[in-house]
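The values are calculated or read from the model by the stated rules, or taken from the named source; none is laboratory data. Since the structure is predicted, the reported quantities are computational estimates derived from the model, not experimental observations. All Cβ positions, even for glycine, are placed from backbone atoms using ideal geometry, and neighbour counts span all protein chains on display. For accessibility, only protein heavy atoms count, side chains too; no ligands or nucleic acids. Shrake-Rupley method; radii C 1.70, N 1.55, O 1.52, S 1.80 Å.
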Amino acid sequence: MTRERASLSRELPQSVLRTGTDARLLAEVIARGRVTRAELATATGISKPTVSESVRRLVEAALLDATGPAETGRRGRVGTFYELGTAAGWVLAVVLDQSGVRARSADLAGVIRHEHTRPPGKPGDSAAVVSGLRAVVQHAQEAIGPERGPLRAVAVSVANPVAPGSREVVALPGSPFPEGLVSPAEVLAAVTAAPELVEIDVNLAALAEHRSGGAAGADSFAYLHIGAGLGVGLYLGDRLVRGAHGLAGEIGYLPGAGADTLAGELSAAGFGRNDVDAVLNLLSANESTARSRAIGTLSAGIARAVASVTAVVDPGLVLLGGPVGTHPALLEPVRAAVAARSPAPVRLDHGVLGALAPAHGALHLALEHATAAAVRAAG
């Protein structure tokens, strides 16, 4: 053990050290799939006795299963393989937006075990949102069954801002998804005791792009969503920025070129919040004049938003996301318009996870919460 690690061990409570060791070993088992204690010690640099104690705790908590002996390569010696426990538990990621309710169930390794979708109700029908949300959770619990262990977390992506403290959905004027102004935590309390994690879809898309997408490894970037709504997910200093009221990144309220807001200006130009399909058709149209006008208007609006974000937080990368933002016709015009406006060079590209980015982000959020809580309980 290095001098620094020995000093750290003396300063930290043993419970914290145990939890850190358990979390690291569980992550290593998940990454490898099937591994012996000796292999864990070699891979992590943790002593064999410490590994043995940690594995014992994880097995007792049902987070790991011993799956049988295997030859170690030494005469007369065998090792026991360990893998993620069958009953280690599972998580649920739910996306709640204008297209309905979509749910993905996964084990703690992130392997998808079940998917279920409910179609949207009529615009403004909050009761349909409530019933759809409850239905996908109940359906998932029935499909997974008790043999997989407890449901450890439900992460819900919503198409509206979320207050950081209460995790309640925030009502804003002109929301493109007013029927989604319900409380997912309150709705789900009747059907599950699992922790409910509620987050705006743009932030979850940014989280997903950071964990496994176009911003992997970036410590500061902005994810700009252009679709039925406008929004930015900010990842700065390796952390999501939500703001005091959950309204960080609400770029639709930025001033436009005139007296209106950016969202109001685009809406007045024919690119309203509920016209996504019409906008996509226009961007792909063969008629050159209308297509060129659409590309010019949208590129100018997006460039103003990007320039505002970069002037305030100076991210190392800006990703364009959402159904309109990822249209191939916009990338180069937006790059050119941003270069003319931004105070600093901006690396700008498309997100790589497309429309599934919020679902991926919700799954990451649920898994990170679930594994951390499970390890703390095991210690």
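Somewhere in segment 58-67, is a residue of a type in the set (V, I, T), open to solvent by less than 70 Å² (accessible area, probe 1.4 Å) and over 17 Å from A362 (Cα atoms)? The answer is yes; a qualifying residue exists.
Counting residues that are small (G, A, S), which strands (runs of 3 or more DSSP E) fully inside segment 100-189 reach at least 1?
Details: elements: 100-107, 112-118, 151-158.
By residue number, 100-107, 151-158.
For segment 34-52, filtered to residues that are open to solvent by 40 Å² or more (accessible area, probe 1.4 Å) and out of contact with any helix residue (DSSP H, G or I) (no Cβ under 8 Å at 6 or more places or on another chain), the residue that is farthest from A373 (Cα to Cα) is T42. Out of everything in segment 309-333 that is over 23 Å from G217 (Cβ atoms) and open to solvent by less than 50 Å² (accessible area, probe 1.4 Å), what residue ends up being farthest from the chain's Cα centre (by Cα)? It comes out as P333. Considering the conditions (1) touching a strand residue (DSSP E or B) at 6+ places or on another chain (Cβ under 9 Å); (2) among the small types (G, A, S); (3) buried (at least 16 other Cβ atoms within 10 Å of the Cβ), A373 is excluded by exactly one of them, (3).
Which one is surrounded by the fewest Cβ atoms within 10 Å (Cβ to Cβ), of the residues in segment 156-175 that are in contact with a strand residue (DSSP E or B) (Cβ under 7 Å, 6 or more places away or on another chain) and of a type in the set (G, A, S)? Selected residue: A159. Among residues of segment 201-229 that are surrounded by fewer than 24 Cβ atoms within 10 Å (Cβ to Cβ), those with a Cβ under 6 angstrom from a residue that is charged (D, E, K, R) and assigned to a loop (DSSP other than H, G, I, E, B), sequence gap 6+ or separate chain, pair up as D219/D238; A228/R273. Tally time: how many residues in segment 170-205 are over 13 Å from V154 (Cβ atoms) and aliphatic (A, V, I, L, M)? The total comes to 9.
Cβ separations smaller than 9 Å between residues 6+ apart or across chains give the following pairs from segment 178-195 residues that are more than 18 Å from A362 (Cα to Cα) and free of Cβ contacts under 8 Å to residues at least 60 places away in the same chain to residues that are assigned to a loop (DSSP other than H, G, I, E, B) and aliphatic (A, V, I, L, M): P178/A171; L181/V170; L181/A171. Check whether at least one residue in segment 353-368 is in contact with a Pro (Cβ under 7 Å, 6 or more places away or on another chain), more than 30 Å from R24 (Cα to Cα) and not in a loop (DSSP other than H, G, I, E, B), and report yes or no. Yes - at least one qualifying residue is present in segment 353-368.
Tell me yes or no: at least one residue of segment 236-259 is surrounded by 20 or more Cβ atoms within 10 Å (Cβ to Cβ), farther than 23 Å from A171 by Cα, under 17 Å from the mean Cα position of the chain (by Cα) and among the aliphatic types (A, V, I, L, M). No. Scanning segment 334-343 for residues being open to solvent by 10 Å² or more (accessible area, probe 1.4 Å) and either closer than 22 Å to A216 by Cα or among the β-branched types (V, I, T) (or both) gives a total of 1.
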